[in-house]
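Trainee: Shown below is the structure under consideration.
The values are calculated or read from the model by the stated rules, or taken from the named source; none is laboratory data. Computed from a prediction, not measured in an experiment: that's the story for all the values here. Backbone-built Cβ (ideal geometry, glycine too); neighbour counts: all protein chains shown.
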Amino acid sequence: MITTQIEHLKSKISQSPYQAYVYSYPHKTAYRPLTPPVNLAQLWSNQDKSALFLYIHIPFCEMRCGFCNLFTTVTHNEDFVTQYVCALQRQAQRVKSALGKSSFARFAIGGGTPTQLPIQHLETIFNIAEQTIGANLQSIPISIEVSPETATQDKLKLLRERGADRISIGVQSFIESEVLATQRRQTTPQVEAALGRIKEAGFPTLNIDLIYGLPGQTVETWLQSIRAALRFQPEEIYLYPLYVRPLTGLGRTDKEWDDIRLACYRAGRQLLLSEGYSQVSMRMFQQRENNPASPVYCCQADGMVGLGCGARSYTNTLHYSNDYAVGVKEIRDILQVYIQTPNEAFDFASYGFKLDGNEQRRRYILLSLLSDEGLNFTSYQQRFNSSVYIDFPELREVKDLNLGMEDGGVLRLTEAGVELSDVIGAWFFSEKVLGLMDGYEVK
Ligand SMILES: C[S@@+](CC[C@H](N)C(=O)[O-])C[C@H]1O[C@@H](n2cnc3c(N)ncnc32)[C@H](O)[C@@H]1O
Ligand code: SF4
């Protein structure tokens, strides 16, 4: 069984390096209806609630970019948005009573584009976090995602006043034709003006998202975009390989495209390292010199309370959220159901995935191995009371294939391993999760 698995791993290395972006485990396409629904008060009663992560999801955008499969929609209906914020408020009240005594160590507002909300609603989101949930916003790290057009001066001022210390802006490319080819309406002067406003507002951490593998992009234009981003001295940069998923606006899968993405990755990485950035994961680069204390915002920590439609919540034993979709109509239907949810229904999780011991171990391996922290054998032993190589013999193969290196009881991916992160990650998915993901019907 193990030998077959290893042969399988080896053959996978020779395939595309872009198999699956593993930013969490299990993937939400492995979630299914929970029958019977799980009572949140009971679920959270045996969890450590001393340092929770609060996440609020805002599923609205000014446009639907051709590459994006996030849970978000374009709406110009103000009533609908108001109803969404009201539902969020109602959900927060019920969730807070289910949690009982709890303390929050981090807060993130993501989407979609949270700053797409009118300013009064944005303010309500902070009030929900502070007053309803009880997070102490002035003393915890707060991160928020913005787009260039919606990062207006008045909204940035509000964010700063309410304690946001990290702004993450989606730029994707500084070359207008590359962005427009993805049906993303955005001009470069608009991007530069937004970055200027963000710098002026004085957020301690600025993150810029860039994408490689865009239509018409070359290694040279890619490096131009990175250099343009560097002019704003971001503390963090995410370099995303473009993924094309079913039901999004783009469609391309070929070897030539893989080669371009790989060449862009290598050139981009080299440039950022030479500019003093450290590589935290395949996608994330951080300027640690100017920013030594900044935490790495990882959305997959245990103890995450997600509010809003599309937000996930994580406990040790259960990950849950709403139903998920990519298609425009299906997203609208799910949002409609969310805003009409009766208060009592917010006391239950009805869609998710239960993690047994084996799945918890896989999750631990994936999250540590795919970041520069690496997989610490002693910590694993203490947490699971067993040995990492006995549980996952294929980890030895990661070493033998020179994709990982052991040093001082910690296994870290090598340079070759990091660039294959999107292949290695999938090796540790269980048969059960793979089966569920395969059986998921994209809608
Ligand atoms: C929530 S968005 C960022 C904020 C804002 N909505 C925006 O786009 O400006 C998250 C990021 O994920 C990345 N992303 C989304 N879909 C992607 C895909 N198919 N391939 C590569 N990167 C993708 C983009 O870089 C995007 O900025
Ligand atoms: S990339 Fe950002 S702005 Fe574009 S659709 Fe996705 S979440 Fe919305």
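Trainee: Looking at (1) in contact with a helix residue (DSSP H, G or I) (Cβ under 7 Å, 6 or more places away or on another chain); (2) in contact (Cβ under 8 Å) with a residue 60 or more places away in the chain, find the lone condition where residue 361 falls short.
Mentor: (2)
Trainee: Something else: Are any residues in the range 201-238 in contact with a strand residue (DSSP E or B) (Cβ under 6 Å, 6 or more places away or on another chain) and among the β-branched types (Val, Ile, Thr), and if so, which ones?
Mentor: Once the filter is applied, which keeps residues that are in contact with a strand residue (DSSP E or B) (Cβ under 6 Å, 6 or more places away or on another chain) and among the β-branched types (Val, Ile, Thr), the range 201-238 yields 205, 208, 211, 237.
Trainee: Search the range 49-69 for residues that are more than 9 Å from ligand 1 (Cβ to nearest atom) and pair each with any residue that is aromatic (Phe, Trp, Tyr) and part of a loop (DSSP other than H, G, I, E, B) when their beta-carbon atoms are under 8 Å apart and the residues are at least 6 apart or on different chains.
Mentor: Taking only residues 6 or more apart or on different chains, the pairs are 57/71; 59/71.
Trainee: Now for a separate question. In this structure, does residue 293 turn out to be outside the structural domain of residue 426 (by TED's automatic domain parsing), within 25 Å of residue 145 (Cβ to Cβ) and modelled with pLDDT under 95? Give the steps one after another, and end with the answer.
Mentor: Working: outside the structural domain of residue 426 (by TED's automatic domain parsing): yes; within 25 Å of residue 145 (Cβ to Cβ): yes; modelled with pLDDT under 95: yes.
Yes.
Trainee: Something else now. When only residues in the range 155-184 that are touching a helix residue (DSSP H, G or I) at 6+ places or on another chain (Cβ under 6 Å) and farther than 25 Å from residue 106 by Cβ count, which is nearest to ligand 1 (Cβ to nearest atom)?
Mentor: 172
Trainee: Considering only residues that are of a type in the set (Ser, Thr, Tyr) and surrounded by fewer than 22 Cβ atoms within 10 Å (Cβ to Cβ), look in the range 107-132 and name the one that is farthest from residue 149 (Cα to Cα). Even if it seems obvious, please write down each step before you answer.
Mentor: Looking only at the range 107-132, we keep the residues that are of a type in the set (Ser, Thr, Tyr), and these are 113, 115, 124, 132.
Then drop every residue that is not surrounded by fewer than 22 Cβ atoms within 10 Å (Cβ to Cβ), which leaves 124, 132.
Working: 124: 21, 132: 30 Å.
The residue in question is 132.
Trainee: Give the range 29-71 a look and list any residue that's more than 30 Å from residue 171 (Cβ to Cβ) and within 16 Å of ligand 2 (Cβ to nearest atom), or say none. Don't jump to the end; show me each part of the working.
Mentor: First, the residues of the range 29-71 that are more than 30 Å from residue 171 (Cβ to Cβ): 30-52.
Correct list: empty.
Trainee: Does residue 411 satisfy the condition of being in a helix (DSSP H, G or I) and surrounded by 13 or more Cβ atoms within 10 Å (Cβ to Cβ)? Before the answer, list the steps.
Mentor: On the way: in a helix (DSSP H, G or I): no; surrounded by 13 or more Cβ atoms within 10 Å (Cβ to Cβ): yes.
In short, no.
Trainee: Filter the range 72-81 down to the residues that are within 12 Å of ligand 2 (Cβ to nearest atom) and touching a residue at least 40 places away in the same chain (Cβ under 8 Å), then identify the one that is surrounded by the fewest Cβ atoms within 10 Å (Cβ to Cβ).
Mentor: 73
Trainee: Residues 148, 141: which one is within 16 Å of ligand 1 (Cβ to nearest atom), in the same structural domain as residue 90 (by TED's automatic domain parsing) and either over 16 Å from residue 203 (Cβ atoms) or crowded, with 18+ Cβ neighbours inside 10 Å (or both)? Walk me through how you get there before you give the answer.
Mentor: Numbers: 141 fails: within 16 Å of ligand 1 (Cβ to nearest atom).
Result: 148 is the single residue among 148, 141 that is within 16 Å of ligand 1 (Cβ to nearest atom), in the same structural domain as residue 90 (by TED's automatic domain parsing) and either over 16 Å from residue 203 (Cβ atoms) or crowded, with 18+ Cβ neighbours inside 10 Å (or both).
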